[in-house]
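What follows is a set of notes on a single structure, which appears directly below.
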Amino acid sequence: LDAKGAVTPAGRSMARLPLHPRLARLLHRAAELGCTRLGADLSALLSERDIFRRTPSGSRVHGEGSDLSARIDVLRRWRKRQEAAGDADPWALRAVDRASQQLLSLMRKDSKAAGEEPGTILPRLLLGAFPDRIGKRREEGKGRFLLSQGRGVKLPPASRLSRSPFIIAVHVDAGEKAEGMVHLAEPVGEDLLRDEMGARLETQRRVEWDRREGRIVSTQEERLGAVQLSVRPFPPGEEEAAPLICEAIRSGSARIDFSYETRQFQGRVSLMRRTFPGENWPDLSEERLLSAPQDWLLPWLKGIRTRQQLGALDLLPPLRAQLSREQQRLLGERAPTSLAVPSGRRVALDYASGDIPVLSVKLQEMFGLADTPEVAGGRVKVLVHLLSPGGKPVQVTRDLKGFWNSGYQEVKKELKGRYPKHPWPDDPWKAVPTRQAKPRKR
């Protein structure tokens, strides 16, 4: 036979023997390895009926079950003694021996001389003929395997191969519920699989965001089809991890923390965007940022791999980077973070509570101020929250002058008795603005 299983000229007289392409490959490999006798015996065992008898129910009597190497041993013992041991069928043994002799006569004359086969020769021959029948034991059940072709199979309960990490499933029936029964198999070691199947090995890198664990998981797998030989972690590159984190943010499986300072910055830019629509201020709303994090956050995700690291990320630098240098200058000028009040103190503005900036300040600090403070180059009056000495708003207004003229007296009447240590002058226009209580009398 040549490499494709074709009969050579010397063997044309025996061409009547049917030979499956798998067995032709097995014989060719046997000739390469110098084990033609073993190759012929294996092919004969696989092409003839089983040498072990079955019970009326169809199960094998022999205790070795699906073990193919046990059949080789029984065949060789039968040749020496011409008697079938145990549950072997003598008629089947004669047929297998006859087929083996015929196959030997078809082997190429220039093949190596057959010698004593080492223990790895049998699975090596089977790998050449059945590369798609490599099975890996499943963790979920004894005797259950996943084949490299993706099919699930199982061994008979009594098979001694049930605990083998890897097998070559030579004969598999249709089975039930898509899980076939393995009738003939041979164990194979992982090192031999790598040696013989190296050209078929595929290396796959998997980098993904694990929502449950809240981190980037990166593994490198070696696979033979559906069979995983190894898996190990590796450190992913930024070009692999950062886009996945952006997608996790976009989908909601990962979160970024918009701090108080970040929201204030967003509010300031939003005010500029509304007040100066012709200046091309960017949209930094949370909705827009979360819908396309790759547009603004990608360069800032270096080294970020976990939920905790992402949550600790300061978002102010990437948001500031969305503004031009001129826009940053104008933002500081038109939307200051704080304003000076009549008491001499600078009070922070709140740009995140709504569309209008809020100035929350104690009522006594604003005595005498008629004009409501403005931002955005004088285009927007702030919303003043005048606070009681206890820090609660007693008046919300954008018209300070109107409050002093009409609303102050009602507030004074209500709060003077509650906060007697604080000044409540009859004329707020002439009172000295202060954040302090009245000095104690000596």
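Tell me whether segment 336-346 contains one or more residues that are farther than 21 Å from residue 275 by Cα and of a type in the set (S, T, N, Q).
yes
Restricting the first residue to segment 272-293 and requiring it to be modelled with pLDDT of 95 or more, which pairs with a second residue that is open to solvent by 50 Å² or more (accessible area, probe 1.4 Å) and in a loop (DSSP other than H, G, I, E, B) meet a Cβ separation below 6 Å and a spacing of at least six or different chains?
Filtered contacts from segment 272-293: 275/379; 282/322.
Among the residues of segment 229-249, which ones are exposed (fewer than 15 other Cβ atoms within 10 Å of the Cβ) and either in a strand (DSSP E or B) or among the basic types (Lys, Arg) (or both)?
230, 231, 232, 233
Can residue 250 be described as among the basic types (Lys, Arg) and closer than 23 Å to residue 314 by Cβ?
yes
If residue 264 satisfies all but one of (1) within 30 Å of residue 198 (Cα to Cα); (2) of a type in the set (S, T, N, Q); (3) surrounded by 14 or more Cβ atoms within 10 Å (Cβ to Cβ), what's the number of the condition it fails?
The number of the failed condition is (1).
Give the residues of segment 364-411 that are charged (D, E, K, R) and touching a helix residue (DSSP H, G or I) at 6+ places or on another chain (Cβ under 6 Å), sorted by residue number. Please lay out each step first, then the result.
At the first step, the residues of segment 364-411 found to be charged (D, E, K, R) are 365, 371, 374, 379, 381, 392, 398-399, 401, 410.
Across segment 364-411, the qualifying residue is only 379.
Just name the residue that is least open to solvent (accessible area, probe 1.4 Å) out of those in segment 142-169 that are within 33 Å of the chain's Cα centre (by Cα) and more than 21 Å from residue 225 (Cα to Cα).
162
The values are calculated or read from the model by the stated rules, or taken from the named source; none is laboratory data. Please read all numbers here as calculations on a predicted model, not as lab measurements. Note that we place each Cβ from the backbone using ideal geometry, even for glycine, and neighbour counts take in every protein chain shown. Note: accessible area is taken over every heavy atom of the protein model, side chains too, but ligands, DNA and RNA are not part of it. Shrake-Rupley method; radii C 1.70, N 1.55, O 1.52, S 1.80 Å.
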